[in-house]
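S.K.: Following this message is one structure expressed as structure tokens.
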Amino acid sequence: MYRTDDLDEAYRRARVLCGRMRPLEPEMWLCAQATTVAEARSLGVLLPTGMFEPSYDWAADTWYLGAALPGDDRELAAALPLTVDSYAAPGPVEGALLRALGAGAATLLWYGAWPYVPGIPSHSPNGDPTDQRVELDVNGDHPDGRHTVYVHLRYDDEAGAAHLAAVVGGAVLGPVQAGR
């Protein structure tokens, strides 16, 4: 719904959408890739209970908690890139994660329920809020921008997507996709 090279603007628009949702959970989901030792160390401090795994070797039975990353930089460098998966309370963690992230990719996912809007199926007054959220993908591989804001709706709801895109000055970027 919104794609740009300006990370601050993508984050601002994602937070505007979050402000329209009724929060459903006290935590958000964060997933980031550390490509350097410095990034891994910063993310380990930020997400001490996050699970760090080798990014391209999912079959390997190697993982670390952020607070228990290898202390030796050479050992840590040998495990890179690492992907961290964690839940955290929204707020300061978001900006800190974006500052700690270098060239690696990241996803921030906020859970909530969209407000009632007549004529939009996903926004019904008694609707099921399951699968309603805002997603910010950072450093994605897109030809027209590296940071993308997505909305998740309960239904295949093009009207709902267009309505929410208009809230942040965006537009529906393509056909409905099955998301996370």
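The values are calculated or read from the model by the stated rules, or taken from the named source; none is laboratory data. Quick caveat, the model's predicted, so the values are computed rather than measured. Glycine gets a Cβ as well: all are built from the backbone with ideal geometry, and neighbour counts include every protein chain shown. Remember, those area values only see protein heavy atoms, side chains included, never the ligands or the DNA or RNA. Shrake-Rupley method; radii C 1.70, N 1.55, O 1.52, S 1.80 Å.
S.K.: Look at V84 and say whether it is of a type outside the set (F, W, Y) and open to solvent by 30 Å² or more (accessible area, probe 1.4 Å).
M.R.: The answer is no for V84.
S.K.: Residues that are surrounded by 14 or more Cβ atoms within 10 Å (Cβ to Cβ), out of contact with any Cys (no Cβ under 9 Å at 6 or more places or on another chain) and more than 30 Å from D157 (Cβ to Cβ): does segment 13-33 have at least one?
M.R.: Checking segment 13-33: at least one residue is surrounded by 14 or more Cβ atoms within 10 Å (Cβ to Cβ), out of contact with any Cys (no Cβ under 9 Å at 6 or more places or on another chain) and more than 30 Å from D157 (Cβ to Cβ).
S.K.: So, of the residues in segment 65-81 that are in contact with a strand residue (DSSP E or B) (Cβ under 8 Å, 6 or more places away or on another chain) and within 30 Å of P23 (Cα to Cα), which turns out to be least open to solvent (accessible area, probe 1.4 Å)?
M.R.: Ranking the qualifying residues of segment 65-81, first place goes to G66.
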